[in-house]
Structure formats: C-alpha cells, structure tokens
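The values are calculated or read from the model by the stated rules, or taken from the named source; none is laboratory data. Just so we're clear, the structure is a prediction, and the values are computed from it rather than from any experiment. Don't worry about glycine lacking a Cβ; one is built from the backbone with ideal geometry, like all the others, and counts go over all protein chains shown.
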Ligand SMILES: NC(=O)c1ccc[n+]([C@@H]2O[C@H](COP(=O)([O-])OP(=O)(O)OC[C@H]3O[C@@H](n4cnc5c(N)ncnc54)[C@H](O)[C@@H]3O)[C@@H](O)[C@H]2O)c1
C-alpha cells in the first residue's frame, strides 16, 4: 500500500516560515478556549528521567476544530550547557486525524520557546493588571527572551525589565540583546529579590527541581502583581504561593498528575485553569489589588495549535524536505 510522504521540518526551516508571535498568541488563546469548552483531548504527559532533574516527556494532543493531532517528544537536561547543548531539545509528530497516518516530523525547540511565551502572554492578558509597567525575569535564557517578546504584545505599558540570572555572562547578553531588540529599559539585578520587588509581573524560568530549595518570599511580591512560574515551584516558597488571592494553572489534571509523582508538595488550592478563564467560565483578575499566580506547566495543545499552522505554511511556501514512509 502507498503511504503519503511526510514533511520534515528542521529548526531552520521553521524559523524561515516566519510565524509571528502575534499569530502564536492568538492560536494559543484560541486553543485555551477550546480546552475550556471541553473540545480538546490531552492526557497528562508521562515522562522518563534518565538523569537527576532531567526529563523526556511525551505530550499528545488532539484539537478537532483545528484538525490537529500529534505528539511532542521533548527533553530538558539542566546540565546540557556544559556540553554546549540546549536545555530543551526534541521532535514533534503531526498525524492526519482522519487516518492516523503521520504527515510531518519537525524540530520542536522553536515551537516550545514561542508557545510558552505566548501562554504567559495569554495568562497575563486575563490575570495581570492592564497598566503593568515593570516585569521581573529570573532565568535569562530561551524563555526569558520569548516571554518578554510575548508580554510586550499584550501589556502595552511594559517598559522596565528587572533581569536576574546566576550566570553573569548570560545576564549581560540578555540585557544587551533585549535592550537593542525591544528598546525597553532592561536593568540587571544581582539577587532574586531584586527581580521580584516592585514588579507588576514576575516570570521565573530557572531549572525545575523535583525537590526544590525555593527563595522567593511572600513579602517580596507586590499586591496587584501577576506571577507566572515556568519552572514549577522551584523558585517560590510555599508561603509565597499561599499568599496569592488566585492560584491558577494551565491544566489541573497535569498539575495533579505531577503531584502524584512527588512534585508540588505544598501548593494552594487551584482557583481555575486558563481554559476556564479564557472560555469565560471563571473570572480572571477582578481588582487592582489581587495577587495572582499562574503555574504554567506547558501543554501539548499549545504545541499542536502552533505546529499545524507551521505545517500548513510550510506546504504553501515549499519549505521542508519530503521523506518516504514506505
Ligand atoms: N512551563 C513550560 O511550558 C515550559 C516550557 C519550556 C521550558 N520551561 C522551563 O523553563 C525553564 C527555562 O528554560 P529555558 O529553555 O529558558 O532554559 P535555558 O537554558 O535557555 O535558560 C535558563 C537560564 O537560567 C539560568 N539559571 C540557572 N539557574 C538559575 C537560577 N537558580 N536562577 C536564575 N537563573 C538561573 C541559566 O544561567 C540560563 O541563563 C526550565 O525550567 C524549563 O524546563 C517551561
């Protein structure tokens, strides 16, 4: 039997397609609405852990309205920098939802970087104060960059970024690059406290630890602030998380699954997931004083919503390499 060829897309191919952050934010917001309305299928991601604090996760999702079905197989290795390798690497497979036949295999690092920033931006749209001016970023790597790019598109008054990284070279590179690229005021700070105090938005993007040794105190975080954790509870002390008026996540099932695996030993009661908020089933921010946190774990629906756009554009633009399955 003849199987169609699959489209292979390298990271460079994907970058050449030039999907904009605005398009990705719209797609991620739309897919959260689909999730909130119960129109997505996404089991919690299982993983294997070949080294301490490293993971390789399988992330399947199906979004009927986008005709998008597939799986991301993504790894995170905190020690990779010593080998000159990125923390996050992996592949994504798209399947034809009608037949199950694979239609594309693509690098997933660009997609992971961008869709995570986009998910923070969607969370901020509903949970941050509209007049937020100052952002703190802890961990100035790939996520530090894409989160700033995305937040600038939804928080129009954002003009100051307090940046912290344990690696001074990485910090300086971030300050230079981001200042040049976005024209915002990027201020390097020399302690985590400096990147949390007096900030309207705080994003933590350091390494994930199964048994964390967190440092952020409740008193450092301003009333009316919005915090988005991309590194689980590795940075936030339990008391700081319990001080939130609303503790949200991107997926309750995923958070509960991680809890059953020994992560998140002391977190507050979950107010809502982002799907419920975007679909208007639960309210987002209601006052300027609320302290709100989103524990964004990263979802396969975000990846598939982005990947299907990339696949369609690649076909139209003639980008990528067709490979035989037979
Ligand atoms: N939730 C999600 O959807 C999602 C998606 C992708 C990545 N992540 C997580 O985001 C985090 C960052 O990923 P990345 O791709 O940006 O990694 P990266 O390697 O590009 O950047 C990490 C940066 O953090 C710095 N760092 C290390 N320890 C630190 C600490 N204690 N305090 C401050 N900075 C520290 C490093 O020097 C580096 O500059 C990881 O934990 C990753 O698992 C989450």
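Brief remarks follow.
- If you go through the range 60-89 and pick out every residue that is in contact with a strand residue (DSSP E or B) (Cβ under 9 Å, 6 or more places away or on another chain), farther than 25 Å from residue 33 by Cβ, touching a residue at least 12 places away in the same chain (Cβ under 8 Å) and within 13 Å of the ligand (Cβ to nearest atom), you end up with 6.
- Count - residues of the range 245-262 that are more than 18 Å from the chain's Cα centre (by Cα) and part of a loop (DSSP other than H, G, I, E, B): 3
- Residue, nearest to the ligand (Cβ to nearest atom), within the range 156-169, restricted to residues that are touching a helix residue (DSSP H, G or I) at 6+ places or on another chain (Cβ under 6 Å) and in a loop (DSSP other than H, G, I, E, B): 165
- Residue in the range 88-107 that is in a helix (DSSP H, G or I) and crowded, with 21+ Cβ neighbours inside 10 Å present: no
- Within the range 121-136, the presence of a residue that is within 9 Å of the ligand (Cβ to nearest atom) and in contact (Cβ under 8 Å) with a residue 40 or more places away in the chain is excluded.
- Within the range 22-49, being surrounded by fewer than 15 Cβ atoms within 10 Å (Cβ to Cβ) and touching a strand residue (DSSP E or B) at 6+ places or on another chain (Cβ under 7 Å) holds for 41, 43, 46, 48, 49.
- Answer from 220, 236 - the residue that is out of contact with any strand residue (DSSP E or B) (no Cβ under 7 Å at 6 or more places or on another chain) and touching a residue at least 12 places away in the same chain (Cβ under 8 Å): 220
- Among the conditions (1) touching a residue at least 60 places away in the same chain (Cβ under 8 Å); (2) in the same structural domain as residue 26 (by TED's automatic domain parsing), residue 246 misses just one, which is (2).
- Restricted to the range 189-215, and to residues there that are touching a residue at least 60 places away in the same chain (Cβ under 8 Å) and outside any loop (DSSP other than H, G, I, E, B), the residue that is farthest from the ligand (Cβ to nearest atom) is 201.
- Verdict on residue 174 being touching a helix residue (DSSP H, G or I) at 6+ places or on another chain (Cβ under 9 Å), under 17 Å from residue 116 (Cβ atoms), in a helix (DSSP H, G or I) and within 12 Å of the ligand (Cβ to nearest atom): yes
- Taken together, 82, 114, 52, 125 contain a single residue that is in a loop (DSSP other than H, G, I, E, B) and either under 14 Å from the mean Cα position of the chain (by Cα) or over 21 Å from residue 323 (Cα atoms) (or both), which is 52.
- For residue 57, the criteria (1) at pLDDT 95 or above; (2) in a helix (DSSP H, G or I); (3) within 14 Å of the ligand (Cβ to nearest atom) hold in every case but one, which is (2).
- Boolean, residue 136 is buried (at least 21 other Cβ atoms within 10 Å of the Cβ) and not in a loop (DSSP other than H, G, I, E, B): yes
- Hey, residue 19 touching a helix residue (DSSP H, G or I) at 6+ places or on another chain (Cβ under 8 Å), more than 25 Å from residue 207 (Cβ to Cβ) and buried (at least 23 other Cβ atoms within 10 Å of the Cβ) or not: no
- Across the range 304-326, the qualifying residues are those that are out of contact with any helix residue (DSSP H, G or I) (no Cβ under 9 Å at 6 or more places or on another chain) and modelled with pLDDT of 95 or more, and the one among them that is farthest from residue 113 (Cα to Cα) is 324.
- For the range 156-182, a residue qualifies if it is closer than 18 Å to residue 196 by Cα and in contact with a strand residue (DSSP E or B) (Cβ under 7 Å, 6 or more places away or on another chain), and the qualifying residues are 158, 159, 160, 161, 162, 163, 164, 171, 174, 175.
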